[in-house]
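Student: The following block contains the structure, expressed as structure tokens.
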Amino acid sequence: MSGIAASAQIHPMAVVEDGAILGENVVVGPFAHVGPRVVLKDSTKLHSHAVVTGKTEIGSNCQIFPMAVIGGVSQSLHEAGEESSLTIGDNCTIREGVTMNCGTVGGGGKTVVGSNCLFLANSHVAHDCQLGSDIIMSNNVMLAGHVHVADRAILGGGCAVHQFTRIGRQAFIGGLSAVNYDVIPYGMLNGNPGVLGGLNVVGMSRAGIERSTIHVVRRAYKAIFEGEGNIRANAAAIRDEYADSKEVMEILDFIAAASDRAISSPFRNKS
């Protein structure tokens, strides 16, 4: 892809800087601004007053609503103008006032967002975050730098996620929660400070996970978080028993992985 496709529709009151690449059927609304290193793939639409800047690539069939600023430099105190980027997948909806920052050299230089994600008004994705696909971030969700969010996670309105935190696949974060520690796959966290409140059973069911499998994951959850040892020791102890359950193994692998944060638990003094 190079240049501006003939089928692109650019409002006469928009600004598309030289060097930008616009695919087939891209729409750029009035007062929108597209920077010189931006790539907008086919059928993506910028509504009025949307800004896409920096070294930013946005996939096909995305929508960016008014006052969103996508691809701005990081808000890190160590930002010094080094080369960095933001990549967003296909079919993402980015609502009013959303901000997404490029990466930093200290974090690998890349902020990455997958496909089929929904970002509601005024949510924020900070530098070096790594987001999967099919994620929903509700209004005013705040991700600090270096946060990892796996596929199908849902983050409720106004929740704040500490830097370097991991949120596992299909986890659910309640509104206004403070996410200080890693949240296991399928986990459900609420409160300030956030406390693990069990499994996201509704989400698991909607994803087609059978009831019998959910019961297996529940038993493993109890063994991990209600056992006599600490979380990591309990998780390691049941690995052989649950080797045939990919859902449980996903949780166990998540717990065993290296991380800068502890694991969220139902008890604030246990990790």
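Student: Are there GluC sites (Glu not before Pro) in region 65-150 that DSSP marks as loop and that have at most 13 other Cβ atoms within 10 Å, and which are they? Walk me through the numbers before you get to the answer.
Tutor: Numbers: sites: Glu79, Glu82, Glu83, Glu96; in loops: Glu79, Glu82, Glu83, Glu96.
When the GluC sites (Glu not before Pro) of region 65-150 are filtered for loop state and at most 13 Cβ neighbours within 10 Å, Glu83 remain.
Student: What is the dipole size for region 205-256, taken about its Cα centre, with +1 at each Lys and Arg Cβ and -1 at each Asp and Glu Cβ, in debye to the nearest 20? If you can, show how the numbers build up before the last one.
Tutor: Values: 8 positive and 9 negative charges, 44 e Å.
In total the dipole reaches around 220 debye.
Student: For region 205-256, how big is Rg over Rh, using alpha carbon atoms and the Kirkwood form of Rh? Don't jump to the answer; show the numbers that get you there.
Tutor: Working: Rg = 10.9 Å, Rh = 11.1 Å.
With Rg and the Kirkwood Rh in hand, the quotient comes to 0.97.
Student: Could I ask something else about it? How large, in Å, is the chain by the Kirkwood hydrodynamic radius built from its alpha-carbon pairs?
Tutor: Working: mean 1/r = 0.0516 Å⁻¹.
Mean inverse Cα-Cα distance, inverted, gives 19.4 Å.
Student: Could you list the GluC sites (Glu not before Pro) in region 213-271 that lie in coil according to DSSP, counting only those with at most 14 other Cβ atoms within 10 Å of their Cβ?
Tutor: For GluC sites (Glu not before Pro) across region 213-271 that sit outside H, G, I, E and B with at most 14 neighbouring Cβ atoms in 10 Å, the list reads Glu228, Glu241.
Student: Hey, what angle do you get for helix 246-256 against the long axis of the chain, alpha-carbon based, 0 to 90 degrees rounded to 10?
Tutor: Computed tilt is about 90 degrees.
Student: Okay, moving on. When the Kirkwood hydrodynamic radius is evaluated over all pairs of different C-alpha atoms of region 9-146, what value in angstrom, to one decimal, is obtained? Present the calculation step by step, with values, prior to reporting the outcome.
Tutor: On the way: mean 1/r = 0.0697 Å⁻¹.
Radius from the Kirkwood sum: 14.4 Å.
Coordinate-derived values only; no laboratory data. From a predicted model like this one, the values you see are computed outputs, not experimental measurements. Methodologically, a virtual Cβ is constructed for each residue, glycine included, from the backbone with ideal geometry; neighbour enumeration extends over all protein chains shown.
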